[in-house]
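A short worksheet on the structure shown next.
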Amino acid sequence: MFQTVKRLGNGLAWLEDVLVMWTVAIIAILLGLGVILRYVFNDPLTWSEEFVVTLFVWSVMFGIPSALRSRMHIRIDVLILRLKPQTRKWVGLLACLSGAVILVAAVYAGVSYTLNVWGSNTPMLGYSMGWIFVSMPIGFALTLLHGAIILIDEGPEVVFQNATETVIDMAQT
């Protein structure tokens, strides 16, 4: 069962990374095109800013679980590095439980807010505001999934471990 969830997580991770790559690429193209059209041809893209903001929100919400998987979240590790391995495990478990509670609350809040704004449309393109905000519960749910996979696969002290801690731990052993 866990291996199936892990394969699903890996497939979703690949999709997240591809979507982040494409959204950032489209943002760069639209912003560059917007500057050229505005200042060279004096004919601005009036709709591009609205679409770029939507893509930016989606890239951030897919970037959060990607950062967790890549151990790129920022964590103040001054105290953690001074703890014994057994104590780190308990502190890691507390961090995982706290993080899970926050992520579940964020998913719930994201769904509630998305449902509230679904009837409102964006001013220029006229698509539902829900398409912007539905990225929140999706991104937080993916973060919860990847965190759970790391927790089960590697243990609680590793879930929020960042790349710097990994290097320091390897140097100390």
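Any read-out appearing in this document is the output of simple, stated calculations on the displayed coordinates, not a laboratory observation. All of these numbers come straight from a predicted model, not from anything done at the bench. Note that we place each Cβ from the backbone using ideal geometry, even for glycine, and neighbour counts take in every protein chain shown.
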**Report entry** Within the chain, helix-based [θ] at 222 nm, where runs of 4 or more DSSP H residues each add -39,500 (n - 2.57), nearest 500
**Finding:** -25500 deg cm²/dmol
Query raised in the report: Relative to the longest principal Cα axis of the chain, at what angle does helix 135-154 sit, 0 to 90 degrees, rounded to 10?
Result: 20
Report summary line: Surrounding charge for GLY34, neighbours by C-beta under 12 angstrom, Lys/Arg +1, Asp/Glu -1, total -2
Report summary line: Stokes-Einstein, Kirkwood over Cα pairs, the stretch 2-172, 37 °C, 0.692 mPa s; D in µm²/s equals 180
